[in-house]
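Below: one structure, written as structure tokens.
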Amino acid sequence: MPISGVTILVEEQKTNKVLAELKNYDRVTTYGIHKNNYIVAVLEANTVNELEVISNKILDEIDGVLGVYPAYVNYQDDDSEK
């Protein structure tokens, strides 16, 4: 299962609202707020492509999100490329 550790850059005044909305997303686990406008999270998916879909969904659907930036991606168990 591919996983990605990400930081989500948000408009500072919307950080708590964005954090609350992320808790409604399947396959997204949040780990708190860093420096008032970054949310630390882990995304899990069945394929690497699904990780991208989840990232784009967060960026497109949640007001106040400015970017989703991966810190690491682990996909050694992903069989979609075979």
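The values are calculated or read from the model by the stated rules, or taken from the named source; none is laboratory data. As the structure is a prediction and not an experimental result, all values here were calculated from the model. Cβ sites come from the backbone with ideal geometry, for glycine too, and all protein chains shown count toward neighbours.
Could you please let me know if Asn37 is modelled with pLDDT of 95 or more, under 12 Å from the mean Cα position of the chain (by Cα) and over 15 Å from Asn74 (Cβ atoms)?
When the stated conditions are applied, Asn37 does not pass them.
Every residue in the stretch 17-31 that is more than 10 Å from Gly64 (Cα to Cα) and either touching a residue at least 12 places away in the same chain (Cβ under 8 Å) or touching a helix residue (DSSP H, G or I) at 6+ places or on another chain (Cβ under 6 Å) (or both), please.
Matches in the stretch 17-31: Leu19, Glu21, Leu22, Tyr25, Arg27, Val28, Thr29, Thr30.
Just need a number here: residues in the stretch 45-76 that are within 13 Å of Ile3 (Cβ to Cβ) and in contact (Cβ under 8 Å) with a residue 40 or more places away in the chain.
13
Which of the residues belonging to the stretch 10-69 are part of a loop (DSSP other than H, G, I, E, B) and loosely packed, with under 13 Cβ neighbours inside 10 Å?
Lys23, Asn24, Asp26, Lys35, Asn36, Asp63
Among residues belonging to the stretch 32-44 that are touching a helix residue (DSSP H, G or I) at 6+ places or on another chain (Cβ under 7 Å) and among the hydrophobic types (A, V, I, L, M, F, W, C), point out the one that is farthest from Ile3 (Cα to Cα). Give the derivation first.
Here is the first cut: in the stretch 32-44, the residues touching a helix residue (DSSP H, G or I) at 6+ places or on another chain (Cβ under 7 Å) are 33, 36-37, 39, 41, 43.
Pick out the ones that are also among the hydrophobic types (A, V, I, L, M, F, W, C) and you get 33, 39, 41, 43.
Working: Ile33: 20, Ile39: 16, Ala41: 10, Leu43: 6 Å.
It comes out as Ile33.
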